[in-house]
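J.: Got a structure here, written out as structure tokens. Questions coming.
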Amino acid sequence: MKQLMIGLTCLLVSAILYGSALITAAIYSRLLGETDGLGWDSRYGIYGTAIRDVGAFPLVLAVITAITGITLIVVSIRKNIQVGKD
């Protein structure tokens with residue numbers, strides 16, 4: 001049960017981190033696209049440039065916590081299934 005709660009918490013933290021990174025990039029992309037804005041890279045587009053400038057760290061951290069959460073949930077469910085068989 002403890003692993004299940006930790007796994008669900010990791011998934012929640014992952015969703016918050018991912019959403020925060022996307023919202024930050026969306027707000028920053030408005031600054032890049034303005035007439036006197038900072039400019040953007042045409043290879044990535046406005047939003048892609050904003051994601052690059054915000055950084056990959058929050059997105060990588062969100063993916064790692066999501067994988068950890070899913071792993072803990074699966075382990076918890078498998079453990080409960082094995083206990084039910086005995």
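J.: Per DSSP H run of n ≥ 4, the term is -39500 (n - 2.57); total these for the chain, divide by its residue number, and report the mean residue ellipticity at 222 nm rounded to 500 deg cm²/dmol.
T.: Values: 3 runs with 71 residues, N = 86.
My calculation for the chain gives -29000 deg cm²/dmol from helical runs alone.
J.: Pick out, from Ile27, Val54, Val83, the residue whose Cα sits farthest towards the positive end of the charge dipole of the stretch 23-86, with +1 on the Cβ of Lys and Arg and -1 on the Cβ of Asp and Glu.
T.: Farthest towards the positive end: Val83.
J.: What is the helix-to-structure angle for 57-85, meaning the angle in degrees between its Cα long axis and the longest Cα principal axis of the chain, kept from 0 to 90 and rounded to the nearest 10?
T.: Once rounded, the angle reads 20 degrees.
J.: Placing +1 at every Lys and Arg Cβ and -1 at every Asp and Glu Cβ, with all other atoms neutral, what dipole size does the chain have around its Cα centre, in debye to the nearest 20? Let's see the in-between values first.
T.: Values: 7 positive and 5 negative charges, 113 e Å.
In debye, rounded to 20, the chain gives about 540.
J.: Here is a further query. Could you sort the peptides 69-81, 42-54 by per-residue average Cβ neighbour count (10 Å cutoff), highest mean leading? Working shown, then result.
T.: Details: 69-81: 14.3, 42-54: 16.1.
Answer by packing, highest mean first, reads 42-54, 69-81.
J.: Report, to the nearest 10°, how far helix 2-33 tilts away from the longest principal axis of the Cα atoms in the chain, using its own Cα long axis and a range of 0 to 90°.
T.: It is inclined by approximately 10 degrees.
J.: Counting only heavy atoms of protein chains, what accessible area per residue, in Å², does the chain have with a probe of 1.4 Å?
T.: Values: 6200 Å² over 86 residues.
Result: 72 Å² of accessible area for each residue.
J.: Further, regarding this structure: Suppose each label sits 7 Å from its Cα in the direction of the beta carbon; what would the Asp41-Thr24 distance come out to in nanometres?
T.: Here the answer is 1.8 nm between the modelled labels.
The values are calculated or read from the model by the stated rules, or taken from the named source; none is laboratory data. Bear in mind that the values here come from a model prediction, so they are computed numbers and not experimental data. Cβ atoms come from the backbone with ideal geometry, glycine included; neighbour counts cover every protein chain shown. Remember, those area values only see protein heavy atoms, side chains included, never the ligands or the DNA or RNA. Shrake-Rupley method; radii C 1.70, N 1.55, O 1.52, S 1.80 Å.
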